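Q: Below is a structure I'd like to ask you about.
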Amino acid sequence: MAARPGPRASGPGVLFETRAAALGGTAGDRRRGASALANAAILALERAFAARPGATYSRAALAGLGSAVAAAQPAMGPFRRWSAELARRSRGRAAERSAGALRRWAGRERRRLAGETSRAVRTALCTFPPTQRVVTLSQSETVRRLLTGLPPARRPAEVSVLRSRPGGEGAAQAAALRRAGVNARVIEDREGAEAVAEADLVLLGADAIYRDGTLIHKVGTRPLAEAARRLHVPVAVVAGASKFVDAPPPRTAPAGAFDRTPGALLSVIWTDAGPVRPPQSRRRPGPRNSSTGAARAPGRRRRA
């Protein structure tokens, strides 16, 4: 006798419930860093699927869920990739739309996220150049873990963190760095270029990195990178593979407090697969034996 199909997870009530669980409090959040938001979202997805064992989602419910994930954080690479995957599964066979298969997929993504930040930080720690002054902005968890993971003898003498309006996340980032023993100060956004003039390195996180190396990150990133280019100060980005989007970049910055920074303004991207130059980051980094190509870590600024 053929097995009975499992219960279907469809209908307005279930759809709303699933979307709410998928958001996990991430929709419109401008205070947490991209890694923290991605972890919260994928955990919420995994729990939502686990709550209905044996269910099969309707095509419409799964497509709607994918749209909700994209709308939660449209500028962030992981959210865009997960939305595309859910849309793909919504067009697939029932087996791909089952709660069990979706829970396993979300679990794999969660575990990958958990490891990639540590690996990206490890890449950066291995190649971090001698620096006295570093400029950064926003509240990137990956940047914070890098700076606090440096041995005291290798830590910058001073880290300047832009306040990062409108959210002001830079103040929280500087406070967290100070609690960990890093000498960090908050500066106003308008002082960014002046701080870069005295810096050895501009250090950035990422919300998304596109095929040509274009970086989407907190508003204020592009002016920092442009100032660094004029002043011959290297710009390093530290980001895991989930931030890479294998697609052309958007023509304009996403709505909200984001900047679109051309890859030509970046010196190196420290990823969980190793350091790469922006022109080589056209595809999401693969295993360590991938052909992304290594890059020299940025050196000390050449002063006139």
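The values are calculated or read from the model by the stated rules, or taken from the named source; none is laboratory data. As the structure is a computational prediction, the values presented were derived from the model and not from experiment. Backbone-built Cβ (ideal geometry, glycine too); neighbour counts: all protein chains shown.
Q: Quick one: Ala99 ticks every box in (1) out of contact with any Asp or Glu (no Cβ under 6 Å at 6 or more places or on another chain); (2) surrounded by fewer than 17 Cβ atoms within 10 Å (Cβ to Cβ) except a single one, so which number is it?
A: All conditions pass for Ala99, except number (2).
Q: Please verify whether the stretch 42-57 includes one or more residues that are within 20 Å of Ala253 (Cα to Cα), touching a residue at least 12 places away in the same chain (Cβ under 8 Å) and either crowded, with 24+ Cβ neighbours inside 10 Å or among the aliphatic types (A, V, I, L, M) (or both).
A: No, the stretch 42-57 has no match at all.
Q: Does Val135 satisfy the criteria of being part of a strand (DSSP E or B), aliphatic (A, V, I, L, M) and surrounded by 22 or more Cβ atoms within 10 Å (Cβ to Cβ)?
A: Considered against the rule, which asks whether it is part of a strand (DSSP E or B), aliphatic (A, V, I, L, M) and surrounded by 22 or more Cβ atoms within 10 Å (Cβ to Cβ), Val135 comes out as yes.
Q: Turning to a different aspect of this structure: Would you confirm whether any residue within the stretch 134-152 is in contact with an Asp or Glu (Cβ under 7 Å, 6 or more places away or on another chain) and without any contact (Cβ under 8 Å) to a residue 60 or more places away in the chain?
A: For the stretch 134-152, residues in contact with an Asp or Glu (Cβ under 7 Å, 6 or more places away or on another chain) and without any contact (Cβ under 8 Å) to a residue 60 or more places away in the chain: absent.
Q: Is the stretch 235-256 home to any residue that is hydroxyl-bearing (Ser, Thr, Tyr), over 20 Å from Arg32 (Cβ atoms) and in contact with a Pro (Cβ under 8 Å, 6 or more places away or on another chain)?
A: Checked the stretch 235-256: no residue is hydroxyl-bearing (Ser, Thr, Tyr), over 20 Å from Arg32 (Cβ atoms) and in contact with a Pro (Cβ under 8 Å, 6 or more places away or on another chain).
Q: Go through (1) part of a loop (DSSP other than H, G, I, E, B); (2) modelled with pLDDT under 95 one by one and return the number of the condition Ala264 breaks.
A: Looking at each condition in turn, Ala264 falls short on (1).
Q: Can you tell me which residue among Ser138, Ser164 is in the same structural domain as Ala273 (by TED's automatic domain parsing), among the polar types (S, T, N, Q), closer than 20 Å to Leu224 by Cβ and under 14 Å from the mean Cα position of the chain (by Cα)?
A: Within the list Ser138, Ser164, the selection yields Ser138.
Q: From the residues in the stretch 284-301 that are surrounded by 13 or more Cβ atoms within 10 Å (Cβ to Cβ) and of a type outside the set (Gly, Ala, Ser), which one is modelled with the lowest pLDDT?
A: Looking at the filtered set, the residue picked out is Thr292.
Q: Can you spot a residue in the stretch 76-94 that is without any contact (Cβ under 8 Å) to a residue 24 or more places away in the chain and hydroxyl-bearing (Ser, Thr, Tyr)?
A: The answer is yes, given that some residue of the stretch 76-94 is without any contact (Cβ under 8 Å) to a residue 24 or more places away in the chain and hydroxyl-bearing (Ser, Thr, Tyr).
Q: Another one. Looking at Arg145, Arg104, Arg88, which one is surrounded by 16 or more Cβ atoms within 10 Å (Cβ to Cβ) and in a helix (DSSP H, G or I)?
A: None of the other options fit; the residue is Arg145.
Q: Counting just the residues of the stretch 267-281 that are surrounded by fewer than 18 Cβ atoms within 10 Å (Cβ to Cβ) and in a helix (DSSP H, G or I), which one comes out modelled with the highest pLDDT?
A: The extreme case among them is Pro279.
Q: Consider Ser138 carefully, then state whether it is modelled with pLDDT under 95 and touching a strand residue (DSSP E or B) at 6+ places or on another chain (Cβ under 6 Å).
A: yes
Q: Now, a different point. With the requirement that a residue be small (Gly, Ala, Ser) and in contact (Cβ under 8 Å) with a residue 24 or more places away in the chain, what does the stretch 58-75 give you?
A: Residues satisfying the conditions are Ser58, Ala60, Ala61, Ala63, Gly64, Gly66, Ala68, Ala71, Ala72, Ala75.
Q: A follow-up question, please. If you check Val245, Val233, Val268, Val219, which single one turns out to be touching a helix residue (DSSP H, G or I) at 6+ places or on another chain (Cβ under 6 Å) and closer than 23 Å to Ala195 by Cα?
A: On inspection, the qualifying residue turns out to be Val233.
Q: Could you check how many residues of the stretch 109-132 are surrounded by fewer than 16 Cβ atoms within 10 Å (Cβ to Cβ), more than 17 Å from the chain's Cα centre (by Cα) and part of a helix (DSSP H, G or I)?
A: Residues in the stretch 109-132 being surrounded by fewer than 16 Cβ atoms within 10 Å (Cβ to Cβ), more than 17 Å from the chain's Cα centre (by Cα) and part of a helix (DSSP H, G or I): 1 in total.
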